[in-house]
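Working notes, structure below.
The values are calculated or read from the model by the stated rules, or taken from the named source; none is laboratory data. Just so you know, these numbers come straight off a predicted model, no measurement behind them. Cβ placement follows ideal geometry from the backbone for every residue including glycine, while neighbour counts extend to all protein chains displayed. These accessible areas exclude ligands, DNA and RNA; they are computed on the full protein's heavy atoms, side chains included. Shrake-Rupley method; radii C 1.70, N 1.55, O 1.52, S 1.80 Å.
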Amino acid sequence: MKLDPVVEVKPGETVGLYVHSLAPGDQAIVYNNQFAAVTVEDRHFKVLPGFAHVSNRPFSENCAWGYAWRDGREFVGRLQYGLKWKLWKPEHHKHFPAPFKNMVMTLFLCHRRKSALLSKIPQTVLKYIINFCAWDWAGVPEELAISAEDENPADLIKARREEEYKNAVGLRDEGQRLFDSHNYTEAVQKFAEALAMLRGGITGKRSRLSSVLFSLLAHCCLQIADGNDNDVIEFVNTIPANRRAATIRSLQRQCLEQTYAYGIRALARADDDDTKLLSSNHCRIGVASLRLQSLDPRQREYYLLQAVKHFRMCLGIDSSNSRARTGLQEAEVALRQGETAEGSVPNAAIEGWGEVPMEEEENTRVNANEEKEGASSMDEEKEGRS
């Protein structure tokens, strides 16, 4: 996508860009979660994180998923830019490096000496000549100098990316050990750090590794949504019983949305011959969609259609997947009958989390009903006396 007109960024200036798509759904513009304070930078240019706008209406604050602006997101893609070097002028003199300013001062001192040949030309001509000199002709400052190790940038980039890949593999292995010991929240951190290592370029084996990492992230989020992480359960138990169910449902919704998003990214980067990863993520997305339709009634039909779509794609790859077949039947029945495939009773026990205490909620509700009944009986007595 070419910007027309071209956006000009002056030295030290920060410019914000808003890129919008009218496409519905969540497959329009790709973005990533923020992993660092700076997304990418070089000697001249720096890209910072920002917001993702998930509505197909420009600058709208609302969307099908609630609030449309998501902070802590970063750019995904490639930027091309050109540099327009500043030429010397007397008013620009202070912006040039010290070696260049020393050169200019020396030339003007020579111009003022009557015995020097340089004094024979007008000062205007001397300024014109200096204007044609590049900023590094008098030497490059030490802080900007390129060392001998950086003489071949291609080899340097290749070596750095190979080192990043090795570090990412190490982080994946650490996360896998945490995953096997059911420490899913800690495993998520390791997998996210590994993905951050691969941010510089997603091609070849880096793309295959990133698809595995996204798949593992989706699996972790689904396990957390099912209440299989001990740290999360310990945290939930510290919440008052009358607020525990609402907290769990909010946590489940967030984790299931992340499962859906990470599963989509894993599929986008997976090889066509990696049938195990493809089928498992299609099934995972189907399960997350099937459960999200009961947690978000406004998007119920959308999530049911997504569940049917991904369960069918899973069975097209692996027809023996019983979980996908059962989920497909539930989603199709729910679409035909107009009923949710899973119970959405607000105070029902939450699957995977055991018995969630509801006594305080129920007592509060009973007390509220008693107060209403007491108030109505008092009104009746007043009417009788009148």
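Anything in segment 199-258 that is among the hydroxyl-bearing types (Ser, Thr, Tyr), within 29 Å of Ala168 (Cα to Cα) and in a helix (DSSP H, G or I)? List them, or say none. Steps first, answer last, please.
Our first condition is that a residue be among the hydroxyl-bearing types (Ser, Thr, Tyr); within segment 199-258, this holds for 203, 207, 210-211, 215, 238, 247, 250.
Still in the list and also within 29 Å of Ala168 (Cα to Cα): 203, 207, 210-211, 215.
Residues satisfying the conditions are Ser207, Ser210, Ser211, Ser215.
Condition first: within 21 Å of Val6 (Cβ to Cβ) and open to solvent by less than 40 Å² (accessible area, probe 1.4 Å). Now tell me which residues in segment 42-82 satisfy that.
Residues satisfying the conditions are Val47, Gly50.
For segment 304-319, name all the residues that are open to solvent by 10 Å² or more (accessible area, probe 1.4 Å) and more than 20 Å from Phe214 (Cβ to Cβ). Working first, answer last.
First, pick out the residues of segment 304-319 that are open to solvent by 10 Å² or more (accessible area, probe 1.4 Å): 305-306, 308-309, 312-313, 315-319.
Those that are open to solvent by 10 Å² or more (accessible area, probe 1.4 Å) and more than 20 Å from Phe214 (Cβ to Cβ): Leu305, Val308, Arg312, Leu315, Gly316, Ser319.
Can you find even one residue in segment 261-273 that is open to solvent by 40 Å² or more (accessible area, probe 1.4 Å) and within 20 Å of Ser319 (Cβ to Cβ)?
Yes, segment 261-273 has at least one match.
Tell me which of these Val19 doesn't satisfy, since it passes every other one: (1) at pLDDT below 80; (2) aliphatic (A, V, I, L, M); (3) within 30 Å of Tyr302 (Cβ to Cβ).
Of everything listed in (1) at pLDDT below 80; (2) aliphatic (A, V, I, L, M); (3) within 30 Å of Tyr302 (Cβ to Cβ), Val19 misses just condition (1).
Tell me the residue from Ser280, Ser294 that is part of a helix (DSSP H, G or I), surrounded by 12 or more Cβ atoms within 10 Å (Cβ to Cβ) and at pLDDT 90 or above, please.
Numbers: Ser294 fails: at pLDDT 90 or above.
Only one candidate qualifies: Ser280.
Here are some conditions: (1) more than 23 Å from the chain's Cα centre (by Cα); (2) basic (Lys, Arg); (3) modelled with pLDDT under 90. Lys309 meets all but one. Which one does it not meet?
(3)
Conditions tested, residue by residue: (1) part of a helix (DSSP H, G or I); (2) under 30 Å from His20 (Cα atoms).
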site	(1), (2)
Arg57	no, yes
Ser60	no, yes
Arg73	no, yes
Gln80	no, yes
Leu87	no, no
Pro99	yes, no
Met105	yes, no
Leu109	yes, no
Val125	yes, no
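How many of the residues making up segment 83-92 are more than 28 Å from Val7 (Cβ to Cβ) and surrounded by 13 or more Cβ atoms within 10 Å (Cβ to Cβ)? Break it down into steps so the answer makes sense when it comes.
Initially, segment 83-92 is screened for residues more than 28 Å from Val7 (Cβ to Cβ), giving 90.
Then keep just the ones that are surrounded by 13 or more Cβ atoms within 10 Å (Cβ to Cβ); that gives none.
Adding up the residues that qualify gives 0.
What residue, of Glu193, Glu186, Glu234, is out of contact with any Pro (no Cβ under 6 Å at 6 or more places or on another chain), at pLDDT 90 or above and open to solvent by 40 Å² or more (accessible area, probe 1.4 Å)? Can you show your working first?
On the way: Glu193 fails: at pLDDT 90 or above; Glu234 fails: at pLDDT 90 or above.
It is Glu186.
For residues that are of a type in the set (D, E, K, R) and open to solvent by 80 Å² or more (accessible area, probe 1.4 Å), scanning just segment 1-41, find the one that is nearest to the chain's Cα centre (by Cα). Give the derivation first.
Restricting attention to segment 1-41, the residues satisfying the condition of being of a type in the set (D, E, K, R) are 2, 4, 8, 10, 13, 26, 41.
With open to solvent by 80 Å² or more (accessible area, probe 1.4 Å) added as a condition, the list becomes 2, 4, 8, 10, 13, 41.
Values: Lys2: 24, Asp4: 27, Glu8: 27, Lys10: 28, Glu13: 25, Glu41: 18 Å.
Residue satisfying both the conditions and the ranking: Glu41.
State all residues of segment 111-121 that are open to solvent by less than 40 Å² (accessible area, probe 1.4 Å) and assigned to a helix (DSSP H, G or I); if no residue qualifies, say none. Quick ask: steps written out before the conclusion?
Going residue by residue through segment 111-121, those that are open to solvent by less than 40 Å² (accessible area, probe 1.4 Å) are 111, 116, 119.
Across segment 111-121, the qualifying residues are His111, Ser119.
Among the residues of segment 196-220, write down those that are open to solvent by less than 20 Å² (accessible area, probe 1.4 Å) and out of contact with any Lys or Arg (no Cβ under 9 Å at 6 or more places or on another chain). Spell out how you get there, then give the answer.
First, pick out the residues of segment 196-220 that are open to solvent by less than 20 Å² (accessible area, probe 1.4 Å): 198, 201, 206, 209-211, 213-215, 217-218, 220.
Within segment 196-220, Cys220 is the sole residue that qualifies.
Across segment 151-166, what is the total count of residues that are at pLDDT 80 or above and surrounded by 15 or more Cβ atoms within 10 Å (Cβ to Cβ)? Outline the logic, then answer.
Going through segment 151-166, the residues at pLDDT 80 or above turn out to be 162-166.
Next, from what is left, pick out any that are surrounded by 15 or more Cβ atoms within 10 Å (Cβ to Cβ): 164-165.
The total comes to 2.
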